[in-house]
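The values are calculated or read from the model by the stated rules, or taken from the named source; none is laboratory data. For clarity, every value in this text was computed on a predicted model and none was experimentally measured. No Cβ is skipped: glycine too gets one built from the backbone with ideal geometry, and neighbour counts run over all protein chains shown.
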Amino acid sequence: MRLILAPMEGLADESMRDLLTRLGGFDLCVAEFLRVTHHLLTEKFVLRTVPELANGGRTRAGVPVRVQLLGSDPVCLAENAAHIAGLGAPGIDLNFGCPAPMVNRHGGGAALLVEPERIHAIVAAVRRAVPQSVPVTAKMRLGLENTELTLDCARAVEAGGASELTVHARTGADRYRPPARWEWLARIREEVKLPLVANGDVWTPQDWERIRRVSGCADVMTGRGAITRPDLARRIKTGATAMTWPELLPWVVDFYALLRARMDLRHAPGRLKQWLGMLGSAYPEAETLHRALRVERDPDAVEKMLEGR
Ligand SMILES: Cc1cc2nc3c(=O)[nH]c(=O)nc-3n(C[C@H](O)[C@H](O)[C@H](O)COP(=O)(O)O)c2cc1C
């Protein structure tokens, strides 16, 4: 029974992965996608998105971070995957789920869900290129516009040699409209034998219990739920009660210190405010702080306001 932190570009970056894995409960992270086009990504670029590679591919808390690639060309993806495995990635994940029009226009992400043959070619090429000791996994949505090819895509991932498949139980056209269609996960499990990871709309420990029951999957990936309730994974794993705001506040201060140390200082206040805005749905105090900081851009003034709480 594993809990996996979802890749989320702009939300679950290195600082957030660091924080959430120290809070506890996660067994594995997948980093936000690296887009692969026609050249080899430089080591510097890869390390900027996945700095954990300089730490044996693990967060400070020791949780492995898989590297996710997004692209449509099997050869380029395979070459980049081999290169990144050589940098010490503990796993390579392939993105067949991103619904962003910019990404789809270039044939990557969810656009591939209408081409199971290409999915097969990509997975097989990457699997061949990467040492057997490094898992190659995939993450997909149910389809691009509909569910006509869901099972074909899942079979293509399995036949290509992936060792695990995560399914976000929505189509690209569904975007993020609730509810996620968990019942589809059970249908996919009937078709493929590779381990399936259930994903979509797990916001509470009760959701976690329900998605496991409905899907039959042992392993669950959660994304936005872990950002809005940072103790979600810990509560699922230990049955602990929910953290109060006074308990969470030192972690928020800690997060801001991480941002200040690791990112362009000018962007640190905006990134903190983004998180406070999301925390606001679970913690009214975060919403109040979010409002108080809304117009403040000076990184030092933001720190003073945080510490004054
Ligand atoms: C802001 C944002 C960025 C995302 N970036 C990625 C990404 O880089 N790669 C990916 O496979 N999925 C990405 N996703 C999708 C999530 O990994 C996940 O499948 C989706 O949010 C559903 O899970 P949740 O309901 O637990 O959030 C992103 C989602 C959000 C909200």
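If you go through segment 56-85 and pick out every residue that is of a type outside the set (A, V, I, L, M, F, W, C) and either exposed (fewer than 15 other Cβ atoms within 10 Å of the Cβ) or assigned to a strand (DSSP E or B) (or both), you end up with 7. The residues listed here are 276, 289; of these, the one that is surrounded by 13 or more Cβ atoms within 10 Å (Cβ to Cβ) and within 20 Å of residue 17 (Cβ to Cβ) is 276. Residues that are outside any helix (DSSP H, G or I) and over 23 Å from residue 11 (Cβ atoms) were ranked within segment 177-216; the one that is farthest from the ligand (Cβ to nearest atom) is 193.
When residue 283 is tested against (1) at pLDDT 95 or above; (2) closer than 22 Å to residue 9 by Cα, only condition (2) is not met. Scanning segment 1-11 for residues that are surrounded by 22 or more Cβ atoms within 10 Å (Cβ to Cβ) and assigned to a loop (DSSP other than H, G, I, E, B) yields 6, 7.
With respect to the conditions (1) touching a residue at least 24 places away in the same chain (Cβ under 8 Å); (2) within 14 Å of the ligand (Cβ to nearest atom), residue 265 lacks only one, and its number is (2). Scanning segment 86-115 for residues that are within 11 Å of the ligand (Cβ to nearest atom) and at pLDDT 95 or above, which turns out surrounded by the most Cβ atoms within 10 Å (Cβ to Cβ)? Step by step, filter segment 86-115, then rank; the result is 96.
Each residue in segment 161-176 was checked for being surrounded by 22 or more Cβ atoms within 10 Å (Cβ to Cβ) and in a loop (DSSP other than H, G, I, E, B), and 2 pass. Consider segment 22-37 and keep the residues that are more than 15 Å from the ligand (Cβ to nearest atom) and outside any helix (DSSP H, G or I). The one that is farthest from residue 97 (Cα to Cα) is 24. Sub-8 Å Cβ pairs linking a first residue in segment 225-236 that is free of Cβ contacts under 8 Å to residues at least 40 places away in the same chain to a second residue that is assigned to a loop (DSSP other than H, G, I, E, B) and surrounded by fewer than 23 Cβ atoms within 10 Å (Cβ to Cβ), at least 6 apart or interchain, are 225/201; 225/203; 225/204, ordered by first then second residue. With respect to residue 17, is the statement that it is closer than 27 Å to residue 249 by Cβ, away from the ligand (no atom under 16 Å from the Cβ) and either touching a residue at least 40 places away in the same chain (Cβ under 8 Å) or not assigned by TED's automatic domain parsing to the domain that holds residue 250 (or both) true? So residue 17 fails the test.
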